[in-house]
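The values are calculated or read from the model by the stated rules, or taken from the named source; none is laboratory data. These numbers were taken from a predicted model, which means no experiment stands behind them. Ideal geometry is used to build each Cβ from the backbone, glycine not excepted, and the neighbour counts take in all protein chains shown.
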Amino acid sequence: MKRDVVKIKRKVVQAAPVKRRQIAIVGNKVKAQEHDEEKQNKDFWMTRSVAERLDAVFRLRAQVVKNERMDKSFGVKRSL
């Protein structure tokens with residue numbers, strides 16, 4: 001079935017000009033010799049709660065080992 005009548009509707013896509021986004025600068029420039037990434041990481045994690053730090057350790061460990069259960073045996077018992 002073909003239609004002989006074609007309807008064309010026009011819509012206003014944008015009535016007003018778009019405002020420019022205000023993007024805040026997030027990073028800081030530092031010299032490679034002066035940058036201490038270990039200290040920065042430690043300072044970051046010390047601002048987090050103990051539960052959040054522990055959760056991060058478990059998530060990182062699960063990515064490496066691919067096993068959700070942690071081996072809690074810290075030694076091997078031997079009989080004398």
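Within the set of pairs 6+ apart or on separate chains, which have a first residue in the range 50-66 that is free of Cβ contacts under 8 Å to residues at least 60 places away in the same chain, a second that is part of a helix (DSSP H, G or I), and C-beta atoms under 6 Å apart?
From residues that are free of Cβ contacts under 8 Å to residues at least 60 places away in the same chain, the pairs are Arg53/Trp45.
Out of all the residues in the range 26-50, which are over 18 Å from the mean Cα position of the chain (by Cα) and not charged (D, E, K, R)?
Across the range 26-50, the qualifying residues are Asn28, Val30, Ala32, Gln33, His35, Met46, Val50.
Of the residues Gln14, Gln33, Gln40, which single one is modelled with pLDDT of 80 or more and in a loop (DSSP other than H, G, I, E, B)?
Gln33 is the lone residue from the list that is modelled with pLDDT of 80 or more and in a loop (DSSP other than H, G, I, E, B).
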